[in-house]
Amino acid sequence: MSPPTVPPPPPATEAAGGDRALTIEEAEAELAVAGERERALELQLEKLYTKASHLCQSESRNLADAAEQHKQVPLAIRKLQETLSQTAGVADELSGRVRRLDAVCGRVGEALKLVDDMLELRECSDHVMKAIATEDFERAARYVARFRASQDALPPGTDDASVRVLCEAEQKLGAAVRERFEAAIVAKDQASVSRFAKLFHPLGLAREGVDRYTEFIRRALAERCAAEFRALVPTSGAKRADAEPMPYAQALTSAFMEVADIVQEHQQSVEEEFGSQNFIVVMRGMVDEADTQALKVIEKFAKDHAKVFRQQADADIQDVGATLEETALITQRTQQFHSYVHNVAASVVEMIADKEAWKTTLPEDCRDDDGLMKETRLARRVQELVNEYVKVENSFLQKSVEKAVRETDTLDPSDVFQLTTTLVDDVFFILHESLRRATSTFEVQAVGAILNCVSDAIGDQLKVALQGNLSKSKGSYNNWASHAENIVAPPRGKHPLESLFFDTQGKPRVEFTAAASWPHSLNNLQQCLENIDMLKASTMEAFEETFPHDGPDKDKLPMLHNLLAMALDDKKAEFEALHVAYCKEGVTMFIGHLKPSLDPLGKLDYIIDEDRYADFQVNDPFAKAFNSQTEVVYQHVKAVFNPVSCEEIMQELAVRIVKRMEKEALSKRFSLLGALQFESDVRILCSFFTNVSEQALRHKFARLFEMSSLLSLESVDELQELLGDVRESRLTPDEIRKLLASRVDLDASEAELSRLLPS
């Protein structure tokens, strides 16, 4: 209940001029109001007091009840403690009874099991000998296995007679199984071998069974390989007519295929009979036997080709090539075999449950990931063979390249379209085959070594041969090309170099090789650039196939790409520089035909009037005549050189003509009309070279066009406008000053030029 509202005091009355005294009536009114307020406050206080009294009485009663309840708490706690104590006692008694009952049940169970074991022991004892006698070895093995499983659980002295019978049966059955297993191996009875192999495990002879099974597989593999090896040793000592092209590699491949067949045939049965761990043991045995058989083949191969591997001088080059091919194939097959067996073994290891425990049983020289040998005898021998292969391949490569550049190079003088000789194709075929063989070995070291050999062959033998041919043929071709009639386009069907090759009676002047033709020699050089690119592309493709991105050797690809680039890129750059240099020599050979048409330029006066300018428009002073003569040279160059060399020669010729024109422009004086004529001459020359060139060429005339623009100015204002439009001039300030000074009719003071041109 809210307290009553107390009326507020009346506001003080203010006079207009300040405080004033109250009248009696006003004082009585205010006193009455104050009395009313006092009565209201007293009523409110009385109500609050009454409410407080009720609250105190209520809380006193609550406190009294709480005190009474508090007195009862200790008694309740004591009763709860007594109850818990009684419950704990009962629980202890019950748990004791349960433990005693559990012990009794355990002893009863053990007694029942002992009874079962004794009954089973007696049953096994009663039937095992009968099973052995009837050659029911599988049933006998099951009895022995049951006996072995329960033997340790029987107390000493338990039915000694039955134990003696079973021990005797175990010995007898083991001997019988060994005997029958051995007989099955000798008889090559696969079904019996598999049957008796399964019996070793229940007899507690699992490891012996694995060893004997491995021995059986090794013996079978050896016998299968023996036939292949005998085919390598003909009785007459001569090579058989029906022999395979690569008999040793074929024999090696057959041995490896036999291992793959055995894995397919026996893996499941071995894992079922002996477990996955023991299949790894069988795999080690197979790999070791494969090593033994493969080493026989390789040693036979090395012995039969000792002349090649010793690099004897009388070794036939064809035999050397065939031996290298077979060596590469042998190495490839070995690498593939090792990859196969390691993959199979690794997949088996993945199936082993406790790998850590299995790893502790591995011999020290075995790998943890697949359980096979870290390095086999075959791998070491093949590495030795690869080292020998690299030496022979290098020697064979050098001799073959030398023969291609010195002995077999041929030029066909009747083929108008054949611009090269056989030298380049022969050499790069040899290089390609060498790299293909090296890549097929799957040996990165071999590939790297042969890449170095190929690089040396290109940079030394081939480069020397090309330069030698260019040097030998330069004199005769330069002399022949100096006669104008020789570079004129021949009749249709005639070779443009026919008079270089034959005399007037049609007799050959020289031996038809690259050394007889400078154009063919230059074309050979340029063709090498294209062939280097093709060799790089084909080799890189072979790398991708041999070492795919998703294969186990994918990490080798970047290194191989780097080795390939190191071997070929520098050589290509050297050949490109040589090609440019020799193309410049070619320009020098032809420049003599162009000098007569350039002579008028040196004598030409560009200070001309309108009449002279009009005459020049009709009778061109030199440019068109020069283009006509250059066209003759171009047609000859186009006919006898490849497009790339032709382009390079014409580009270099344009550079030389531009330099000559620049020289003349900086040495002559011009009138305005003369400047316009000079610009016309530049455009005629630029148009011709642009038309005969496949690549952009106008930029070579850029300085000449700037000179023409400067010479054609009519005032200083035009100069200022021109310099503002040209952001970066190709001409130096001195050249600009010289050109402007050469204008006889341009009114430009030195002060104006100094203001516009940088100092």
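Cβ-Cβ under 8 Å, sequence separation 6+ or interchain: first residue in the stretch 468-490 and part of a helix (DSSP H, G or I), partner among the β-branched types (Val, Ile, Thr) and open to solvent by 60 Å² or more (accessible area, probe 1.4 Å). Which pairs?
Here the result reads 476/510, each pair linking the stretch 468-490 to a residue that is among the β-branched types (Val, Ile, Thr) and open to solvent by 60 Å² or more (accessible area, probe 1.4 Å).
Look at the stretch 369-397 and say how many of its residues are over 17 Å from residue 337 (Cα atoms) and open to solvent by 90 Å² or more (accessible area, probe 1.4 Å).
So the answer is 2.
Restricting to the stretch 616-673, and then to whatever is outside any helix (DSSP H, G or I) and open to solvent by 20 Å² or more (accessible area, probe 1.4 Å), can you tell me which residue is farthest from residue 578 (Cα to Cα)?
Per the criteria, the residue is 619.
Within the stretch 286-323, track down each residue that is in a helix (DSSP H, G or I), surrounded by fewer than 18 Cβ atoms within 10 Å (Cβ to Cβ) and among the basic types (Lys, Arg).
Across the stretch 286-323, the qualifying residues are 300, 303, 307.
Is it the case that residue 603 is open to solvent by 70 Å² or more (accessible area, probe 1.4 Å) and either farther than 20 Å from residue 459 by Cβ or free of Cβ contacts under 8 Å to residues at least 60 places away in the same chain (or both)?
For residue 603, the condition - open to solvent by 70 Å² or more (accessible area, probe 1.4 Å) and either farther than 20 Å from residue 459 by Cβ or free of Cβ contacts under 8 Å to residues at least 60 places away in the same chain (or both) - is met.
Select, from 416, 424, 401, the only residue that is over 30 Å from the mean Cα position of the chain (by Cα), over 30 Å from residue 344 (Cα atoms) and modelled with pLDDT under 90.
416
Scan the stretch 664-675 and report the pairs whose first residue is more than 12 Å from residue 741 (Cβ to Cβ) and whose second residue is in a strand (DSSP E or B), with Cβ atoms within less than 6 Å and a gap of 6+ or a chain change.
Pairs found: 674/606.
Suppose we filter the stretch 332-356 for residues that are over 21 Å from residue 286 (Cβ atoms) and either at pLDDT 90 or above or not acidic (Asp, Glu) (or both); how many remain?
Qualifying residue count, the stretch 332-356: 2.
Going through the stretch 566-600 one residue at a time, which ones are among the small types (Gly, Ala, Ser), within 24 Å of residue 633 (Cα to Cα) and crowded, with 17+ Cβ neighbours inside 10 Å?
586, 597 - these are the residues of the stretch 566-600 that are among the small types (Gly, Ala, Ser), within 24 Å of residue 633 (Cα to Cα) and crowded, with 17+ Cβ neighbours inside 10 Å.
Could you say which residue among 100, 142 is within 60 Å of the chain's Cα centre (by Cα), modelled with pLDDT of 65 or more and either at negative phi or not charged (D, E, K, R) (or both)?
Details: 100 fails: within 60 Å of the chain's Cα centre (by Cα).
Of the residues listed, the single one that is within 60 Å of the chain's Cα centre (by Cα), modelled with pLDDT of 65 or more and either at negative phi or not charged (D, E, K, R) (or both) is 142.
Name every residue in the stretch 684-717 that is touching a residue at least 12 places away in the same chain (Cβ under 8 Å), assigned to a helix (DSSP H, G or I) and charged (D, E, K, R), in order of residue number.
Those that are touching a residue at least 12 places away in the same chain (Cβ under 8 Å), assigned to a helix (DSSP H, G or I) and charged (D, E, K, R): 698, 700, 703, 706.
Output the residues belonging to the stretch 688-698 that are surrounded by fewer than 16 Cβ atoms within 10 Å (Cβ to Cβ) and modelled with pLDDT under 90.
Passing the criteria: 694, 695, 696, 698.
Check off (1) more than 30 Å from residue 272 (Cα to Cα); (2) outside any helix (DSSP H, G or I) for residue 400 and give me the number that stays unchecked.
(2)
Can we say residue 326 is closer than 28 Å to residue 223 by Cα, assigned to a helix (DSSP H, G or I), in contact (Cβ under 8 Å) with a residue 60 or more places away in the chain and open to solvent by 20 Å² or more (accessible area, probe 1.4 Å)?
no
When you go through 680, 729 one by one, which is the residue that is assigned to a loop (DSSP other than H, G, I, E, B) and of a type in the set (Ser, Thr, Tyr)?
Going through 680, 729 in turn, the sole match is 729.
Specify which of the listed residues (584, 571, 507, 595) is under 35 Å from the mean Cα position of the chain (by Cα) and either closer than 30 Å to residue 444 by Cβ or of a type in the set (Lys, Arg) (or both).
On the way: 584 fails: under 35 Å from the mean Cα position of the chain (by Cα); 507 fails: under 35 Å from the mean Cα position of the chain (by Cα); 595 fails: under 35 Å from the mean Cα position of the chain (by Cα).
The unique qualifying residue is 571.
Among the listed residues 431, 411, 419, which satisfies the condition of being at negative phi, crowded, with 20+ Cβ neighbours inside 10 Å, part of a helix (DSSP H, G or I) and of a type outside the set (Ser, Thr, Tyr)?
So the residue among 431, 411, 419 that is at negative phi, crowded, with 20+ Cβ neighbours inside 10 Å, part of a helix (DSSP H, G or I) and of a type outside the set (Ser, Thr, Tyr) is 431.
Taking into account only those residues within the stretch 718-743 that are open to solvent by 70 Å² or more (accessible area, probe 1.4 Å) and at pLDDT 85 or above, which is nearest to residue 610 (Cα to Cα)?
Result: 738.
Check residue 246 against each of (1) closer than 25 Å to residue 442 by Cβ; (2) of a type in the set (A, V, I, L, M, F, W, C); (3) open to solvent by less than 10 Å² (accessible area, probe 1.4 Å) and name the one condition it does not meet.
(3)
Specify which of the listed residues (685, 711) is at pLDDT 90 or above, in contact with a strand residue (DSSP E or B) (Cβ under 7 Å, 6 or more places away or on another chain), hydrophobic (A, V, I, L, M, F, W, C) and surrounded by 11 or more Cβ atoms within 10 Å (Cβ to Cβ).
711
Assuming residue 209 fulfils every condition listed in (1) open to solvent by less than 20 Å² (accessible area, probe 1.4 Å); (2) modelled with pLDDT of 80 or more; (3) not hydrophobic (A, V, I, L, M, F, W, C) apart from one, which condition is it?
It is condition (2) that residue 209 fails.
With the structure loaded, tell me whether residue 385 is within 28 Å of the chain's Cα centre (by Cα) and farther than 29 Å from residue 266 by Cα or whether it fails that test.
On the way: within 28 Å of the chain's Cα centre (by Cα): yes; farther than 29 Å from residue 266 by Cα: yes.
Against the criterion (within 28 Å of the chain's Cα centre (by Cα) and farther than 29 Å from residue 266 by Cα), residue 385 qualifies.
The values are calculated or read from the model by the stated rules, or taken from the named source; none is laboratory data. Quick caveat: nothing in here was measured; it's all calculated off a predicted structure. Neighbour counts run over all protein chains shown; Cβ positions are idealised from the backbone, glycine included. What goes into the accessible areas is simple: the full protein's heavy atoms, side chains included, and nothing from ligands, DNA or RNA. Shrake-Rupley method; radii C 1.70, N 1.55, O 1.52, S 1.80 Å.
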